[in-house]
Each structure stands twice: as C-alpha cells, then as structure tokens.
Amino acid sequence: MGLTKSFGDHRVLDGVDLAIRDGEITYIIGTSGTGKSVLVKHAVGLLRPDSGRVLIEGTDVSDLPERAWAPIRRRYVLVFQHSTLFDSMTLRENVALPLRKHRGLSRAEARERAMDYLRLVRMEDRADRMPAEVGPSERKRVAISRALTLDPHCAILDEPTTGLDVIASATVDDLIRRLSRELGRTVVVVSHDLRSIFGVADRIVFLYKGRVWLDGPPDVFRVSDDPVVRQFIQGDPNGPIV
Amino acid sequence: MTVSFPGLQAVARVFGLLGETLWSLVRRPPPRSAVVAHLFNTGNRSLVFLAVTMGFLGMISVYQGCLQAMKVLPDLSNAGAVFIMAMVREFGPTITAMMLATRVGTGIAAEIAVMTVTDQVEALKVNNTDPVAYLVAPRFVGFLVMMILCTVYSCAVAILAGLLMADLRFQVNPNTFLSLGFTRWSDLSVGLTKTVAYGVAIPILAADSGFRAGGGSEGVGWATTRAVVNALFAIIALDFLIAGVGYLLVRGA
C-alpha cells in the first residue's frame with residue numbers, strides 16, 4: 001500500500017497500491033526498469049520499502065527483522081529471474097536445500113523427496129547434473145520445482161520465460177497453469193512476454209512510472225485505448241514510452 | 001540534515017560482517033566437508049606459489065643483506081640470526097598474507113560476487129539459509145587455519161633458500177646461519193599475532209567486497225579488485241599497528 005522505493009536518486013516505485021487475490025494468476029507487466037522485480041522482492045522481505053506498507057494476510061511485515069521472514073518465505077516463494085540455482089550443487093541438491101533448511105528433513109530424506117519434485121517438472125533423469133550442464137529452460141523448471149518443495153500458498157515467478165525458445169516458454173506456461181488450476185496455488189508472474197501474458201493471466205497489472213497504470217483482466221488490456229498501454233502491447237517504438 | 005561518513009560506515013559494515021561470522025560459528029559450526037574443501041583450496045593449492053615467492057625472497061634478501069653488510073663489517077656470522085628474526089617477526093607473516101590475499105582473497109570475492117549479481121545470495125535467504133553462515137564461515141575458518149600453517153611453511157622455505165644463498169655465495173656455515181640468537185619469544189608472539197590478524201581480515205574483506213558487488217560481470221571485476229586493494233591496505237595498516245604495539249609492549253620494556 002502506497003509503496004515507494006528509491007535507489008540513490010532514482011525513485012523506482014512511487015506509491016504502488018496493489019492487492020493480490022487468492023487463487024488467481026496475476027501478471028505484473030511493464031517495460032524494463034519499471035520496478036517489477038523490485039516490487040515482488042518486497043513481498044518476500046528481500047527489500048524494505050522507503051515508505052508505505054507491505055501486508056501479508058493482513059499483517060504488516062514492512063519492518064520485520066530478517067529472522068522473522070522464514071515462515072513467510074515458506075508460504076510465499078520467489079523464483080528469481082536468472083533461476084539462481086546454486087552452481088556448486090547438483091540439480092537434486094538444489095531442490096533438496098529448502099527441504100532441509102525449511103522443513104528440517106535429513107540430508108538423505110531431502111535428497112529422496114527432491115526426486116518427487118523433479119519428476120513434477122520432468123527433470124528426474126537429469127537430477128545429478130550440475131546447473132551448468134543443462135539448458136536455461138531446464139534450469140527454470142528446476143528452480144520452479146525447488147520453490148514447490150515448500151508447498152507454498154503463493155509462487156512468485158520473476159520473468160520465467162525470458163530467454164527461452166517458444167517450446168520451452170510453452171512448457172513453463174503450462175507449468176504455471178497447472179500450479180494454479182491443479183494445485184490451487186496463487187501465482188504472481190513478472191513478465192513482458194506478451195504471448196505468455198495473454199495466454200495464461202487471469203489478471204494483469206501494468207506498472208508505469210513507478211505506479212500501477214492499469215489493472216484488470218486481459219480483455220481490459222485488449223480493448224484499452226490508453227496510448228501507453230497500446231504502445232506496450234503493440235510493441236510500437238513510437239509513442240509516450242521512451 | 002544527515003551527515004554521513006562513508007569510511008566509518010565501511011568499517012562498521014566490515015566489523016558487522018566479522019561479528020555475524022563469529023556468531024554463526026558459535027551458533028552452528030560449518031559442515032566439516034565445506035571447511036576441508038576451503039582448507040585445501042587455501043593451503044594446498046598455494047604451496048607452489050608460496051614456495052617460489054618465498055624462496056626467491058629469501059635468496060634475494062640474504063644476498064642483498066650480506067652484500068651490504070660486507071661493505072661495513074666483513075663478518076657474516078650474525079646474518080642468519082638477523083634474517084630469521086626478521087622473517088619470523090615481519091616478512092614471513094606479511095608476505096604470506098599478501099600472497100594469499102591475491103590468490104585466495106580474490107577467489108573468495110569473485111565467488112561471492114558472482115553469486116550476488118546472479119541473485120544466488122538472495123536465493124539463499126529465500127531458502128532459509130544464512131548467506132554468512134553458508135558462504136563466509138567455512139571460508140573464514142579455512143583461511144585462518146591455513147594462513148597460520150602457510151606462514152610457518154613460508155618462513156621455512158625462505159630460511160632454507162636464504163641458507164643456501166649464504167652458504168653457496170658467501171660461505172656462511174649452515175649451522176652458524178641457523179641461529180635463533182636474535183629471535184625471542186616476543187618476536188614469535190608478534191609474528192603470530194600478525195598472522196592471526198591477517199587471517200581474520202583477508203577473508204572478511206574479500207567477502208564484504210563480494211556481497212557489495214553489483215552490475216553484472218563488471219561488478220565482479222570491481223569486487224575482486226576492491227578485495228585485493230582493501231586486503232593489502234589492511235595488511236599494511238595491521239602490520240604497522242601490531243609492530244608498534246608489540247615494540248611498546250615487549251621490546252621497549
């Protein structure tokens with residue numbers, strides 16, 4: 001609510017008001033540098049707002065100390081833009097890490113359970129490879145499966161299809177749909193992949209100039225005559241967005 | 001009006017990181033396998049590098065020292081005793097620290113910097129893993145232990161190389177050269193204090209540089225550069241401070 005965040009003199013978020021609804025797939029869209037990733041990092045306590053409040057299930061978490069975030073991060077998981085698998089661990093060890101750290105399983109138990117989650121994203125046959133030995137789409141899928149190990153209430157995916165080919169993007173889109181429709185999770189996706197946005201989203205939030213510019217279902221965006229929204233959707237180099 | 005002191009903030013940040021590292025070691029020691037890996041990386045992989053550097057340093061120091069001494073007094077019977085004292089008290093710890101700061105400190109900074117710029121450090125937090133406990137603590141223990149062992153090794157190599165030079169070039173008897181006549185317990189304690197201080201400072205400064213990295217591959221480059229510059233500056237400052245305090249406390253008495 002009224003979230004503001006600046007880095008040096010650059011104000012990235014300038015009074016963002018946004019409420020995420022349970023069970024929906026919400027896409028947060030906008031041009032590069034509009035603060036989409038900055039916004040979602042507030043939801044898991046990786047950034048603290050300069051002003052405004054972050055409410056999770058009605059509780060103000062804006063000023064929570066670092067150690068108090070662990071239970072929240074079990075329910076609200078963030079999959080980072082670059083997948084962020086740990087280079088020094090195999091894919092299976094990556095997935096096992098939150099099982100050990102959040103759920104307190106032993107190393108052996110966590111490794112065994114990790115295989116179930118790798119199966120969910122069809123990566124079980126490459127479980128013992130290092131992240132550098134698989135492609136970007138596979139890394140994204142493993143990162144998502146690592147997030148699912150916590151059985152989260154809400155999964156926040158930061159640009160999950162950026163840099164992927166069409167087939168790999170469709171695989172990730174399918175996974176997002178399954179998360180919501182089959183597993184009943186709330187999903188928040190940061191993206192500027194239009195094919196993915198209009199194919200998957202229940203609701204779209206368009207960020208521009210540090211604020212929510214337009215918020216609604218995909219149809220609202222399709223018929224919008226706002227020049228900023230039209231330029232973004234049509235990918236037109238000429239217009240108010242420079 | 002807010003007044004900021006970037007230098008003081010930096011010192012506070014580094015001491016904060018040191019405090020967090022020590023606290024994490026007390027709370028939960030790092031896994032033995034991680035410590036062993038860092039012991040190996042810091043120590044075993046530096047042996048040749050240290051041997052070459054300290055070997056040449058030992059030979060050059062003895063050669064120049066004896067050459068100058070011969071101009072004043074053609075008696076080199078104390079050359080070894082002076083050289084060993086200087087090596088134990090001053091050059092062994094300091095040169096070893098500089099070597100390890102460039103070889104291992106930069107590695108620590110680069111590893112953590114890459115993890116920082118690719119969001120892996122934030123991913124650790126999201127996975128309920130304390131980045132300081134996971135990344136810094138095992139490297140800190142590995143570096144500190146190996147700093148002490150490598151200093152002993154470096155001193156031994158330099159003394160052996162100096163002995164060979166003294167024997168072959170200046171015909172100094174090896175038994176005469178290997179004299180501990182000038183080396184007191186106070187020299188050993190000053191040398192050991194320096195070694196421990198460097199062993200604490202270098203990995204913490206390197207980790208701090210890594211955590212502050214930003215801006216992709218360029219940021220990683222800057223983090224490694226900053227790590228080595230900060231470490232060398234810290235080594236010189238600590239050397240001066242400990243040497244001064246050591247002189248006032250034990251030599252000056």
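Rounded to the nearest 20 debye, what is the charge dipole size of chain A about its Cα centre when +1 sits on each Lys and Arg Cβ and -1 on each Asp and Glu Cβ?
640 debye
Using a 1.4 angstrom probe, figure out how much accessible area chain A has per residue, in square angstrom, rounded to the nearest whole.
Values: 10940 Å² over 242 residues.
Heavy-atom SASA per residue in chain A reads 45 Å².
Computed on protein heavy atoms with a 1.4 Å probe, what is the summed buried accessible area for the chain pair A and B, in Å² to the nearest 100?
Result for this pair: about 1600 Å² buried.
Just reorder A:Asp22, A:Asp60, B:Asp208 by solvent-accessible area, largest first, 1.4 Å probe, all chains present.
A:Asp22, A:Asp60, B:Asp208
What distance in nm lies between label points placed 7 Å from Cα along the C-beta direction at B:Ala69 and B:Tyr247?
Calculated label separation equals 2.1 nm.
So, R0 is 22 Å and r is the distance between the beta-carbons of A:Arg222 and A:Asp165; what FRET efficiency does that work out to, to 0.05?
After rounding to 0.05, the efficiency reads 0.30.
Give the shape of the stretch B:152-196 as rounded, prolate or oblate, defined through the alpha-carbon gyration tensor: a ≥ b ≥ c are the square roots of its eigenvalues, a/c under 1.5 means rounded, and otherwise the shape is prolate if a/b is larger than b/c and oblate if not.
Details: a/c = 4.07, a/b = 1.87, b/c = 2.18.
Judged from the Cα gyration tensor, the stretch B:152-196 comes out oblate (a/c at least 1.5, b/c at or above a/b).
Name the helices (complete DSSP H segments) of chain B with a Cα length along the long axis of 24 Å or more and a Kyte-Doolittle mean of at least 0.5, or state none.
B:6-27, B:47-72, B:137-170, B:185-211, B:216-246
Placing unit charges on C-beta atoms (Lys and Arg positive, Asp and Glu negative, everything else neutral), compute the dipole magnitude of the protein assembly as shown about its Cα centre in debye, rounded to 20.
Rounded to the nearest 20 debye, it is 1000 debye.
Could you pull out every one of the lysines with an alpha carbon less than 26 Å from that of A:Lys36, ignoring same-chain neighbours closer than 8 positions?
Partners found: A:Lys5, A:Lys140, A:Lys209, B:Lys125.
What do you get for the angle between helix A:166-181 and the principal long axis of chain A? Use alpha-carbon atoms, 0 to 90 degrees, nearest ten.
Around 90 degrees separate the two axes.
What does the charge count near A:Asp60 come to, summing +1 for each Lys or Arg and -1 for each Asp or Glu among other residues with Cβ under 13 Å from its Cβ? Don't skip to the answer; put the middle values down first.
Values: positive: A:Arg48, A:Arg53; negative: A:Glu57, A:Asp63.
Taking every Cβ under 13 Å from that of A:Asp60, the sum is 0.
Would you tell me the mean number of C-beta atoms belonging to other protein chains that fall within 10 Å of each C-beta in A:73-80, as a whole number?
The per-residue average across the peptide is 3.
Positive end of the charge dipole of the stretch B:31-251 (Lys, Arg +1 and Asp, Glu -1 on Cβ, about the Cα centre): tell me which of B:Asn128, B:Leu241, B:Val141 has its Cα farthest that way.
Of B:Asn128, B:Leu241, B:Val141, it is B:Leu241.
Positive end of the dipole of chain B, charges at C-beta (+1 Lys, Arg; -1 Asp, Glu), about the Cα centre: which of B:Tyr153, B:Ile60, B:Ser179 has its Cα farthest in that direction?
Towards the positive end, the residue furthest out is B:Ser179.
List the residues of the stretch B:104-150 that lose 20 Å² or more of accessible area once all protein chains are present, compared with their chain alone (1.4 Å probe, heavy atoms only, no ligands or nucleic acids).
With the partner chains in place, the stretch B:104-150 has these residues losing at least 20 Å²: B:Thr118, B:Asp119, B:Gln120, B:Glu122, B:Ala123, B:Leu124, B:Lys125, B:Val126, B:Asn127, B:Asn128, B:Thr129, B:Tyr134.
What shape does the stretch B:1-92 have by the C-alpha gyration tensor, where a ≥ b ≥ c are the square roots of the eigenvalues, rounded means a/c under 1.5, and otherwise prolate means a/b greater than b/c and oblate the rest?
oblate
If I take every Cα pair under 8 Å that is 6 or more residues apart in chain B, average their sequence separation and divide by the length, what percent do I get for the relative contact order?
Relative contact order comes out at 32 percent.
Within 10 Å, Cβ to Cβ, of A:Pro160, how many net charges do the neighbouring residues add up to if Lys/Arg are +1 and Asp/Glu are -1? Before the final figure, lay out each step's value.
Working: positive: A:Lys140, A:Arg141; negative: A:Asp158, A:Glu159, A:Asp173, A:Asp193.
It works out to a net charge of -2.
Mind grabbing the accessible area of B:Val52 for me, 1.4 Å probe, Å², rounded to tens?
Result for B:Val52: roughly 80 Å² accessible.
With a 1.4 Å probe and every protein chain left in place, tell me how much accessible area B:Phe40 has, in Å² to the nearest 10.
Taking all protein chains as shown, B:Phe40 has close to 100 Å².
Could you tally the net charge around B:Val104, taking each other residue with its Cβ under 9 Å from the Cβ of B:Val104, Lys/Arg +1 and Asp/Glu -1?
+3
Rounding to the nearest 20 debye, state how big the charge dipole of the stretch B:31-251 is about its Cα centre with +1 on each Lys and Arg Cβ and -1 on each Asp and Glu Cβ.
Working: 13 positive and 11 negative charges, 60 e Å.
Using Cβ point charges on Lys, Arg, Asp and Glu, the stretch B:31-251 gives about 280 debye.
Need one value for A:41-54: mean number of C-beta atoms belonging to other chains within 10 Å of its residues' C-beta atoms.
Shielding by partners across A:41-54 averages 1.
Give the shape of the protein assembly as shown as rounded, prolate or oblate, defined through the alpha-carbon gyration tensor: a ≥ b ≥ c are the square roots of its eigenvalues, a/c under 1.5 means rounded, and otherwise the shape is prolate if a/b is larger than b/c and oblate if not.
It comes out prolate by the Cα gyration axes.
With every protein chain left in place, what is the accessible area per residue of chain B in square angstrom, probe 1.4 Å?
Accessible area per residue, chain B: 50 Å².
Rounded to whole Hz and in sequence order, give me ³J(HN,Hα) for the stretch A:110-116 from the Karplus expression 6.51 cos²θ - 1.76 cosθ + 1.60, θ = phi - 60°, writing x for Gly and Pro.
Once θ is set to phi - 60°, the couplings for the stretch A:110-116 become 4, 5, 5, 5, 4, 4, 4 Hz.
Top to bottom by accessible area (1.4 Å), largest first, where do B:Tyr153, A:Tyr208, B:Tyr247 land?
Sorted by accessible area, descending: B:Tyr247, B:Tyr153, A:Tyr208.
Using a 10 Å cut-off around each Cβ of peptide A:86-94, what is the average number of partner chain Cβ atoms that fall inside?
2
Using the per-residue mean of other Cβ atoms lying within 10 Å as a proxy for protection, in what order, highest first, do the peptides B:142-148, B:199-205 fall?
Output ranking for B:142-148, B:199-205: B:199-205, B:142-148.
Beyond 30 Å, how much of the Cα-Cα pair distribution for chain B remains, as a whole percent?
When all Cα pairs of chain B are counted, 35 percent exceed 30 Å.
For chain B, with all protein chains present and a 1.4 Å probe, just round the carbon and sulfur fraction of the accessible area to a whole percent.
Its accessible area is 71 percent carbon and sulfur atoms.
The values are calculated or read from the model by the stated rules, or taken from the named source; none is laboratory data. In this text, all values refer to a predicted model and were calculated from it rather than measured experimentally. Glycine gets a Cβ as well: all are built from the backbone with ideal geometry, and neighbour counts include every protein chain shown. Remember, those area values only see protein heavy atoms, side chains included, never the ligands or the DNA or RNA. Shrake-Rupley method; radii C 1.70, N 1.55, O 1.52, S 1.80 Å.
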